[in-house]
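Q: To start, I am sharing the structure in question, which I have written as structure tokens.
Quick note: the coordinates plus some simple rules give every number you see, no bench work behind them. Worth saying up front: this structure is predicted, and the values here are computed from it rather than measured. Cβ atoms come from the backbone with ideal geometry, glycine included; neighbour counts cover every protein chain shown.
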Ligand code: CP
């Protein structure tokens, strides 16, 4: 693995899950794997879980970690080629990435979608530039189109709690007051397509995701039908992909409540967090014993530590 950008970089998902299980059982076993290595965690956007779990994972491997909020704690960066830099950006990504690559063995980046220009967002300008100019392995901590560390943690959680060999997993759109990116939903679908689960995606018409990520999942616009017999309900809001970045409506009837959970096979409730209570999910559901939101967040340390361990192994073999 040269970079960890999406599921294609992990190799066998089953092998990655086995490695994650082993790391979870003995989180400090590889305590010296990262000795005398360093990682820079670069945030272009806010974070609670990713920021803390990534530091925790690196510290478990005894790596040196530095965290920086790009833009507020550093110069604002320019990504366009050939531009006359007479605006707000004081430094070009070509120099900034090269400099940071000289300071660290690995760089992890969070850079959300603008939700203004679909072609630009889906070309992943920030992550692509770092992969091009930094000269060190890049880890995706949520880009315009994907959040693979979250999806990997979600898959670890599903494997820990599943009661059947091939559970029915439902990814459900739920209402939110603001336009949100597609990254979590895209990656969740992408990883579930590689896993031993039956994936159903349910959303109102107009919220179809990029078919590249939907893959072989069944799509159902009737939420109640989708929930019937489900083993896991994964709630998430996303804005329109077709009418790019738009909130088409905020139909509160799509909120996950107890009445809908009664349609399922006593399903577990999942969400990546942060979550807006009584918009996305009712208090009753998220506070129930079937809610896995804390376990998912805890597994963010395991997904990051697994990825770092694989990258360190690759580095030590070079
Ligand atoms: N789920 C997740 O990535 O949380 P943060 O945005 O707080 O990092």
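Q: How much of the calculated P(r) for the range 80-154 lies past 21 Å, in percent of all Cα pairs?
A: So the pairs more than 21 Å apart make up 33 percent of the total in the range 80-154.
Q: Could you tell me how many degrees, from 0 to 90 and to the nearest 10, lie between the Cα long axis of helix 293-316 and the main elongation axis, the longest principal axis, of the Cα atoms of the chain?
A: 40
Q: Hey, what number do you get for the chain at 222 nm if only DSSP H runs of n ≥ 4 count, each worth -39500 (n - 2.57), divided across all residues, to the nearest 500? Each step should come with its number before you reach the end.
A: Working: 12 runs with 116 residues, N = 318.
Mean residue ellipticity at 222 nm (helix-derived): -10500 deg cm²/dmol.
Q: Rounded to the nearest angstrom and ordered from largest down, what semi-axes does the equivalent ellipsoid of the range 27-168 get from its C-alpha gyration tensor (root of 5λ)?
A: One finds semi-axes of 30, 21, 12 Å for the range 27-168.
Q: Compute the long axis of helix 49-60 from its Cα atoms, compare it with the longest principal axis of the Cα atoms of the chain, and write down the angle in degrees, 0 to 90, nearest 10.
A: With both axes taken from Cα atoms, the answer is about 60 degrees.
Q: Provide the FRET efficiency to the nearest 0.05 for the residue 313-residue 114 pair, computing r from the beta carbons and using R0 = 35 Å.
A: Approximately 0.50, to the nearest 0.05.
Q: Would you mind getting me the FRET efficiency between residue 90 and residue 210? Use the beta-carbon distance for r and R0 = 41 Å, nearest 0.05.
A: According to the calculation, E is roughly 0.75.
Q: With the chain treated as a Gaussian network of Cα nodes joined by springs under 10 Å, which of 26, 182, 271 yields the largest mean-square fluctuation?
A: Per the Cα network of the chain with a 10 Å cutoff, 26 tops the list.
Q: A follow-up question, please. Whole Å is fine, so just give me how far the alpha carbon centre of the range 230-307 lies from that of the range 148-219.
A: 10
Q: Rg and Dmax of the range 150-296, using alpha carbons, in Å: what are they?
A: 13.7, 39
Q: Quote to one decimal, in nm, the extra length available between residue 28 and residue 288 on full extension: 0.36 nm per residue of separation minus the C-alpha distance between them.
A: 90.4 nm
Q: Take every Cα-Cα pair in the chain and report what % of them are more than 38 Å apart.
A: In whole percent, the share of Cα-Cα pairs in the chain beyond 38 Å is 14.
Q: Also, I was wondering about something else. With label points built 7 Å along Cα→Cβ from the Cα atoms of residue 1 and residue 67, find their separation and express it in nm.
A: Output for this residue pair reads 2.1 nm.
Q: Using a simple spin-label model with points 7 Å from Cα along the Cα→Cβ vector, what separation in nm is obtained for residue 83 and residue 179?
A: Placing both labels 7 Å beyond Cα along the Cβ direction yields 1.9 nm.
Q: Could you work out how far helix 13-25 tilts from the main Cα principal axis of the chain, as a 0 to 90 degree angle to the nearest 10?
A: Taking Cα atoms only, the helix is inclined about 80 degrees.
Q: Can you work out the FRET efficiency for the pair residue 218 and residue 163, with r the C-beta to C-beta distance and R0 = 25 Å, to the nearest 0.05?
A: On the way: r = 21 Å, r/R0 = 0.83.
After rounding to 0.05, the efficiency reads 0.75.
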